[in-house]
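Everything below concerns the one structure shown next.
Taken together, the values in this text are just the output of simple stated rules run on the coordinates, not laboratory data. Please read all numbers here as calculations on a predicted model, not as lab measurements. Note that each Cβ is placed from the backbone with ideal geometry, even for glycine, and that neighbours are counted across all protein chains shown.
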Amino acid sequence: MEGTPKQPKNCSSLLEQLVAEAREAPLGGQVADYIPALAEVAAEHVGIAVVELDGTTHTAGDFDVCFSIQSISKIFGLALAMERAGDSLWERVRMEPSGQAFNSVVQLEWEHGIPRNPFINAGAIVVSDVLTSRYSASKSALIQYIRYLAGTESVHTNHEVWESEKEHGNRNAALAYLMKSFGNIEADVPAVLDHYFFQCSVEMNCLQLAQSLGFLANKGIQPGTEERICDARSAHRINALLSTSGMYDQSGEFAFTVGLPAKSGVGGGIVAVVPDYGVIAAWSPPLNRFGNPTRAVQMVTEFAQRLGLSVYH
Ligand code: GLN
């Protein structure tokens, strides 16, 4: 039941236990294989990190191994675009769950090139257009922003993944050109896609991810530096979108069973925000049929349930 105080004891040993259980569990799916660089990642990796608002950190397993953050990058892009575009962004992308796969094209045609939300690919491509149009060097602005949030200069984009994303990016290109035909992409499509693929190809580890997103658990203020990253309303809105759309077509089930704003990526990562407590980041590459990392989701689920962290209590 809910109601456990959000100050878990023996948090580190719980994480060790969750990693051990995950390593014993079936892989739960296939590693993403749409590009060779992702297909080569060892399916056995399991890592988790929890960073609390007071800086207390708990880690286990491969928490310090970098992986492709893929769609988790959509959070960073969105936070930056919200700051740049203000409320006009919401005329170009909506805030509704899609009920479709993350890379689906059909809905976009019916809905005149306006994506359902910023966490499906079409929505993140609109966000990439905002950044491409409003920054002279949007890729550099984005990576600097992520480094600033993570508190380390060591965050990089994997160029092999970036090139590969471009080479195998026909579906994303289709989404972008379709939106351009409806007038919902301002910049040149190749430049927008280049930015989108660059941000998908950023590599981070669980600890860096949990550290970088603390501001979402803290009403927009980054714990540690106490810098305001966004206003409280923006943090609230990003969390609301994560709750309704961050886990794609499994978002309802995730809200039902876990009850935390969260975002996954096809690199096998997941981050979950626990308001007023901290951030959980977990990684295990094999994906279920929704494109969510089975064992990483399971670890976050267990952690949240055992500590009673659901926001819907
Ligand atoms: N690069 C992937 C794509 O654009 C990202 C999708 C994801 O992580 N769900 O298809």
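Answer yes if at least one residue in the stretch 140-159 is within 15 Å of the ligand (Cβ to nearest atom) and loosely packed, with under 14 Cβ neighbours inside 10 Å, and no otherwise.
yes
Does Tyr135 qualify as being touching a helix residue (DSSP H, G or I) at 6+ places or on another chain (Cβ under 9 Å) and within 16 Å of the ligand (Cβ to nearest atom)?
No; evaluated as a whole, the condition is false for this residue.
Look through Cys206, Cys230 and report the one residue that is surrounded by 18 or more Cβ atoms within 10 Å (Cβ to Cβ), within 18 Å of the chain's Cα centre (by Cα) and more than 25 Å from Gly268 (Cα to Cα).
Cys230
Quick check: is even one residue across the stretch 180-194 β-branched (Val, Ile, Thr), within 16 Å of the ligand (Cβ to nearest atom) and in a loop (DSSP other than H, G, I, E, B)?
Yes, there is a match, as at least one residue in the stretch 180-194 is β-branched (Val, Ile, Thr), within 16 Å of the ligand (Cβ to nearest atom) and in a loop (DSSP other than H, G, I, E, B).
Based on what the data block shows, is Glu163 within 30 Å of Glu52 (Cα to Cα) and surrounded by fewer than 23 Cβ atoms within 10 Å (Cβ to Cβ)?
no
Any idea which residue in the stretch 247-263 is nearest to the ligand (Cβ to nearest atom), counting only those that are in contact with a Pro (Cβ under 9 Å, 6 or more places away or on another chain) and over 16 Å from Gly99 (Cα atoms)?
Among residues in the stretch 247-263 that are in contact with a Pro (Cβ under 9 Å, 6 or more places away or on another chain) and over 16 Å from Gly99 (Cα atoms), the one nearest to the ligand (Cβ to nearest atom) is Pro261.
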